[in-house]
Amino acid sequence: MKKLTMTLVTVFVVMALSAYAFAYDPGWGRGHGGAGCSGPDTSILSRLNLTPGQTTKINALREANLRDTKPLKDRMYSKRGDLRLLWLQTNPDQNKITAAQKEIRTLRDQMQDKMTTFRLEVLKVLTPEQQEKLKSFKLGHGFGHGMKGGPGMGGNPGMMRGN
């Protein structure tokens, strides 16, 4: 009986820990710009009573923006990895680190420029009433929730943050 009880308790603990592990959603982690960086948060857009035509146009703009920014994001993630490796060297080279940081900033600036263009294009699709409603959501600089998990190495805290 004691073995059965111990086995059942062990199984219960393993199941509880497994459920917790599967339920945990770390998102993209620090600095990977996951949820919402591709533009307006869909939950916010759904509150604007968009017409089907507006939805189609905004989706097309979002897809185009994703295509345009993906190579930049990929290069930026690669450069961040390179920067981490530079920092992990026994004798980090200041010039190489500074150059890598500059490249990352340049890529981030290019991505922000593309995001600004995208946001302005989305605003053109909205009616004046929808634009006012969007402003009433107190979104600050951006439309959505933006970078999930914070800035990461060399990132900008709160960039495109919706709060």
*Go through ARG67, ARG30 for me and flag whichever is at pLDDT below 95 and either assigned to a helix (DSSP H, G or I) or surrounded by 11 or more Cβ atoms within 10 Å (Cβ to Cβ) (or both).*
ARG30
*If you check ARG62 against the conditions, is it closer than 30 Å to LEU48 by Cα, surrounded by 16 or more Cβ atoms within 10 Å (Cβ to Cβ) and at pLDDT 90 or above?*
yes
*Which residue out of LYS133, LYS114, LYS138 is at pLDDT 50 or above, within 27 Å of ALA100 (Cα to Cα) and surrounded by fewer than 18 Cβ atoms within 10 Å (Cβ to Cβ)?*
LYS114
*Taking the stretch 49-64, which residues are assigned to a helix (DSSP H, G or I) and not hydroxyl-bearing (Ser, Thr, Tyr)?*
PRO52, GLY53, GLN54, LYS57, ILE58, ASN59, ALA60, LEU61, ARG62, GLU63, ALA64
*Consider only pairs whose beta carbons are under 9 Å apart and that are at least six residues apart or on different chains; among these, list those whose first residue lies in the stretch 51-62 and is without any contact (Cβ under 8 Å) to a residue 12 or more places away in the chain and over 11 Å from VAL122 (Cα atoms) and whose second residue is crowded, with 17+ Cβ neighbours inside 10 Å and β-branched (Val, Ile, Thr).*
GLY53/VAL125
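The values are calculated or read from the model by the stated rules, or taken from the named source; none is laboratory data. Just so it is clear, the structure is predicted and the values come from calculations on it, not from any experiment. Note that each Cβ is placed from the backbone with ideal geometry, even for glycine, and that neighbours are counted across all protein chains shown.
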